[in-house]
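Asker: What follows is a structure written as structure tokens; I'll ask about it next.
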Amino acid sequence: MLTAAHTYPALGSYRITVVVDATGEVVTTPFVTAGLGFVPVGPTRVFDTRSGAPMAPSSTTRVRVAGINGIPADVAAVAVNLTATDTAAGGFLTAYVPGTVRPPTSNVNFVRGQTAPNFTVVAVSGGQIEVFNGSPGTTALVVDVLGVFTHAPGTAPNHGGLNRVLDTRNTGGPIAAGTSRSVKLADRGDVQAVVNLTVTAGSGSGYLVAHAGDAPRPATSNLNFGVNTTRSNLAIVRLAPDGTMRLHASATTHVLVDVVSLLEPSSSKGYVPITPVRTLDTRTDKAIPPGGEIQAYTFTDEMLEDPLSRHSIPLVTYTVTGPTSDGWLRHRSDVGGSGQWYNGAHLNFSPGETIANTVLPPHSHGSHPPFVLNSGLITNASGGTTHLVTDVLGYFA
């Protein structure tokens, strides 16, 4: 058997032609490179069971995204904010590809009576995604699309780390109920910003909306919060030409904004969704001690489209469960042997709760490879123990 390898100069669809010398037979087959490009769409709300019946206990719901509110028909994956609300019992949501075996992972965790959101990226099949309600009670489901991934062109994060650009506790004071505030994230508007949004010390229950600085406020939400709670959520936000986004708060709250990365067009790099994989669950061993550090994920070649993709940037969901004190998760990277800490928290938690946040881990700027998948380390920055669960959703390669 003969084998051959070829590297294409750009992402896209190709036709492979093979000529068999002995017979002169010509064999042609289509081939699509791995890697998707991000297309800013919305934000737009595509599904809300509150206008009808909630999800039944331990049930699945298929949500159509293709062709809805400007979403292209050829969408391959969607960046969504999933929100569980009006929950009758504690449980979790899992989003995955319709018609496939449900992965042993979760995207959103909630308790009875809670409104809990979380960002994720889900591969699409037949124009739909599937969501499972892992709860013994009913729950309402809200799905907001923040953007989509298609087969062309590609997209690459251009730098990494947490760059805190806003902390209203230090500058400007809280965002008042029913008002908006402009935040400059970049010196250009032809990119999308990956940001970690955190609300804290809210005066009442409410929600936060992030959107482009030159666009009207959409009928969507990124974060839901209660009185004096601290909550974080990842978002991808299209920027105005001057590099700004706007934040709207329905209740008075302090807001922190950390820029994780900027997404730029790329002819040779893109996002590769995988079947979500649980790579760490400390509940099977022992909790992380106060100040303790743990390797956040371990990859095998079977999880990747290409073993070389180990030199990539993963998208992961961290879930903290059973913490014994207030605290947060802190990430560092061993890129270049620096062991650099990044200024900001990926996930804040309180005693006894189970809470998740999706993370694009720190990665270096302008280097190749930008990140080694097995080099991410996470620290329990709290005075008590906590368990950590890590689910890998895909990677930029």
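Asker: Please pick out the residue among 368, 346, 363, 331 that is closer than 22 Å to residue 115 by Cα and at pLDDT below 90. Even if it seems obvious, please write down each step before you answer.
Answerer: Details: 368 fails: closer than 22 Å to residue 115 by Cα; 363 fails: closer than 22 Å to residue 115 by Cα; 331 fails: closer than 22 Å to residue 115 by Cα.
Exactly one residue qualifies, and that residue is 346.
Asker: Moving on to the next point. Of the numbered conditions (1) at pLDDT below 85; (2) of a type in the set (Asp, Glu); (3) assigned to a strand (DSSP E or B), residue 391 fails exactly one; give the number of that condition.
Answerer: (1)
Asker: Residue 124 versus (1) closer than 19 Å to residue 315 by Cα; (2) touching a helix residue (DSSP H, G or I) at 6+ places or on another chain (Cβ under 9 Å): which is the lone unmet condition?
Answerer: (2)
Asker: Can you tell me which residue is farthest from residue 169 (Cα to Cα) among those in the range 254-278 that are over 16 Å from the mean Cα position of the chain (by Cα) and buried (at least 21 other Cβ atoms within 10 Å of the Cβ)?
Answerer: Looking at the filtered set, the residue picked out is 269.
Asker: Give the residue, chosen from 236, 274, that is assigned to a strand (DSSP E or B) and either out of contact with any Phe, Trp or Tyr (no Cβ under 9 Å at 6 or more places or on another chain) or at pLDDT below 95 (or both).
Answerer: From the options 236, 274, the qualifying one is 274.
Asker: Scanning for something under 26 Å from residue 352 (Cα atoms) and touching an Asp or Glu at 6+ places or on another chain (Cβ under 7 Å), does the range 155-173 turn up at least one residue?
Answerer: no
Asker: Which residue, of 101, 124, 111, is among the β-branched types (Val, Ile, Thr) and crowded, with 22+ Cβ neighbours inside 10 Å?
Answerer: Values: 101 fails: crowded, with 22+ Cβ neighbours inside 10 Å; 111 fails: crowded, with 22+ Cβ neighbours inside 10 Å.
The conditions single out 124.
Asker: Let me ask another. With the structure loaded, tell me whether residue 100 is closer than 14 Å to residue 61 by Cα, out of contact with any His (no Cβ under 9 Å at 6 or more places or on another chain) and either assigned to a loop (DSSP other than H, G, I, E, B) or modelled with pLDDT under 95 (or both) or whether it fails that test.
Answerer: Considered against the rule, which asks whether it is closer than 14 Å to residue 61 by Cα, out of contact with any His (no Cβ under 9 Å at 6 or more places or on another chain) and either assigned to a loop (DSSP other than H, G, I, E, B) or modelled with pLDDT under 95 (or both), residue 100 comes out as yes.
Asker: With the structure loaded, tell me whether residue 12 is at pLDDT below 95, under 22 Å from the mean Cα position of the chain (by Cα) and surrounded by 14 or more Cβ atoms within 10 Å (Cβ to Cβ) or whether it fails that test.
Answerer: no
Asker: Only one residue in 123, 95 is aliphatic (A, V, I, L, M) and touching a Ser or Thr at 6+ places or on another chain (Cβ under 8 Å). Which one?
Answerer: Every option except 95 fails the conditions.
Asker: Conditions: (1) without any contact (Cβ under 8 Å) to a residue 40 or more places away in the chain; (2) touching an Asp or Glu at 6+ places or on another chain (Cβ under 8 Å). Residue 114 meets all but one. Number of the miss?
Answerer: Only one criterion is unmet by residue 114, namely (2).
Asker: Given 88, 77, 95, which one is among the aliphatic types (A, V, I, L, M), modelled with pLDDT of 95 or more and surrounded by fewer than 19 Cβ atoms within 10 Å (Cβ to Cβ)?
Answerer: 88
Asker: Now, a different point. Pick out, from the range 135-217, the strands (runs of 3 or more DSSP E) lying fully within it that include 3 or more residues that are surrounded by 21 or more Cβ atoms within 10 Å (Cβ to Cβ) and at pLDDT 95 or above.
Answerer: Numbers: elements: 140-150, 154-157, 163-167, 179-184, 192-200, 206-212.
By residue number, 140-150, 192-200, 206-212.
Asker: Only one residue in 133, 170 is of a type in the set (S, T, N, Q) and more than 29 Å from residue 112 (Cα to Cα). Which one?
Answerer: Exactly one of 133, 170 is of a type in the set (S, T, N, Q) and more than 29 Å from residue 112 (Cα to Cα), namely 170.
The values are calculated or read from the model by the stated rules, or taken from the named source; none is laboratory data. Here the structure is a predicted model, which is why all the values come from computation and not from measurement. Counting neighbours? That spans all protein chains shown, and the Cβs are built from the backbone with ideal geometry, glycine included.
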